[in-house]
1. Taking H as built 1.01 Å from N, whose amide H comes closer than 5 Å to the amide H of residue 336, not counting residues under 5 places away?
2. Order the following by accessible area, largest value first: 217, 142. Probe radius 1.4 Å; ligands, DNA and RNA are ignored.
3. With a 1.4 Å probe and every protein chain left in place, tell me how much accessible area residue 96 has, in Å² to the nearest 10.
4. With a 1.4 Å probe and all protein chains in place, put 24, 78 in order of accessible area, largest first.
5. Net charge near residue 317: determine it from the other residues with C-beta under 11 Å of the C-beta of residue 317, scoring Lys and Arg +1 and Asp and Glu -1.
6. Compute the signed sum of charges (Lys and Arg +1, Asp and Glu -1) over the other residues within less than 9 Å, Cβ to Cβ, of residue 375.
7. For the chain, what proportion of DSSP beta bridges, expressed in % and rounded to the nearest 5, is antiparallel?
8. Cα axis of helix 259-273 to longest principal axis of the chain: angle in degrees, 0 to 90, nearest 10?
Amino acid sequence: MKPTEIAPNIYDVGIIDWNTRDFHGYVTPRGVTYNSYLLVDEKICLIDTVKEPFTEEYLLKISKVVPLAAIDYVIVNHVEPDHSGALPKIAELAPDAVFYITQQGKAEAIQHYGDRFNFVVVKEGDRLSLGKRELCFLPLPMLHWPDSMATYCREEQMLFSNDAFGQHYCTSKRFDDEVDEAILFYEAQKYFANILYPYARLVNKALQKVASLPLKMIAPSHGVIWRSKIDSIAKKYEAWGKGAKNDTLLIVYESMWGGTEKIARAIAFGAAAAGVPVKVFRLNSSDASEIVAELITAGGLLCGSPTLNSGMMPAAAGFLTYLKGLRPTGKLAAAFGTYGWNGGAQKDMEELLGKAGFELEQGFNAKWKPRQEDCSQAEQFGYEFALKLKERI
Ligand code: FEO
């Protein structure tokens with residue numbers, strides 16, 4: 001359990017939560033880490049903490065390096081409980097510690113834990129000397145909450161970026177060059193899509209701040225530390241932040257008696273014939289956070305549901321409501337499905353797709369059980385939709 005020394009006298013004292021599979025609705029098949037960093041200098045400084053249930057293990061890790069009472073400073077980059085859960089215990093065991101936080105963070109922390117911390121409010125560019133090293137504060141509001149900030153150490157050329165550049169990826173290794181590259185970038189993309197997507201336009205502003213900094217490491221508060229692939233992840237963030245997309249088409253649907261599934265498969269066949277990459281997900285067998293990870297780089301989405309009680313099926317409603325919150329932009333969409341004596345699903349889906357920010361195209365509907373001619377028309381619909389996608393890329 002000895003903490004990993006990631007640079008001279010800088011330790012990763014965070015927690016690996018191998019078994020969490022649900023991070024506020026985001027499915028995490030590879031678990032979650034809550035990274036926290038301990039800087040030992042003339043002053044002893046802790047950057048972020050961990051989720052409350054892991055406090056005991058966390059305190060033990062810190063105490064393998066320094067006595068808890070010796071902590072001088074605590075940097076609170078973000079108050080969401082995955083990073084702040086152990087703050088009350090730190091305040092109790094390190095009674096002389098001073099907590100550095102944004103103005104917004106201070107208000108949030110008092111709401112969460114009461115007015116029990118010796119806070120110093122910081123703003124952009126404020127500095128804190130630890131002795132041989134100095135920290136500089138870089139607020140990054142809305143990446144992920146209004147209080148969010150990063151902390152930079154010029155002497156080590158390290159950026160403690162909190163949620164930014166994170167991944168929900170547990171591994172006993174701590175660095176980007178020690179893990180599977182494809183998994184790492186997939187988890188970074190999935191994280192961006194599910195956590196930072198609504199604030200994508202702010203990402204490029206943040207990158208501009210970061211771009212001027214010499215960087216040897218980006219140490220986020222989730223997942224592994226970037227040291228060998230900093231340029232690659234920065235380029236990915238720039239592309240995701242700008243909404244760069246390709247001509248991939250996602251077909252996402254739920255079905256009742258197989259009719260909408262038949263239409264979905266015909267559409268996929270037609271779209272593939274037009275030469276676009278197609279990915280198909282049945283909602284009740286797929287996880288929304290995985291679909292969103294694909295959506296961020298896709299050019300279009302077709303969402304399907306039969307009509308149930310004059311509306312869309314609950315799985316489609318849940319998925320589209322999630323998308324409405326994430327607000328993807330610059331993508332083409334349409335609704336499709338089947339209906340019996342009256343419709344309703346298509347109208348519901350189009351309404352939510354519009355609210356989510358998609359550019360809507362005419363959809364496709366078949367009555368009762370789709371016949372061969374319905375499937376042929378669906379195939380043609382998929383082909384034409386795919387051509388429109390290709391024209392836009
Ligand atoms: Fe990892 Fe927004 O907390």
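1. 303, 304, 305, 364
2. Putting 217, 142 in descending order of accessible area: 142, 217.
3. Accessible surface of residue 96 is approximately 120 Å².
4. Final ranking, largest accessible area leading: 24, 78.
5. -2
6. Around residue 375, the surrounding residues sum to 0.
7. On the way: 28 of 63 bridges.
Percentage antiparallel, nearest 5: 45.
8. Between helix and principal axis, roughly 80 degrees.
The values are calculated or read from the model by the stated rules, or taken from the named source; none is laboratory data. Keep in mind the model is a prediction, meaning the values are calculated, not measured. Cβ: placed from backbone, ideal geometry, glycine included. Neighbour counts: every protein chain shown. Heads up: the accessible areas ignore ligands, DNA and RNA and are worked out on the full protein's heavy atoms, side chains in. Shrake-Rupley method; radii C 1.70, N 1.55, O 1.52, S 1.80 Å.
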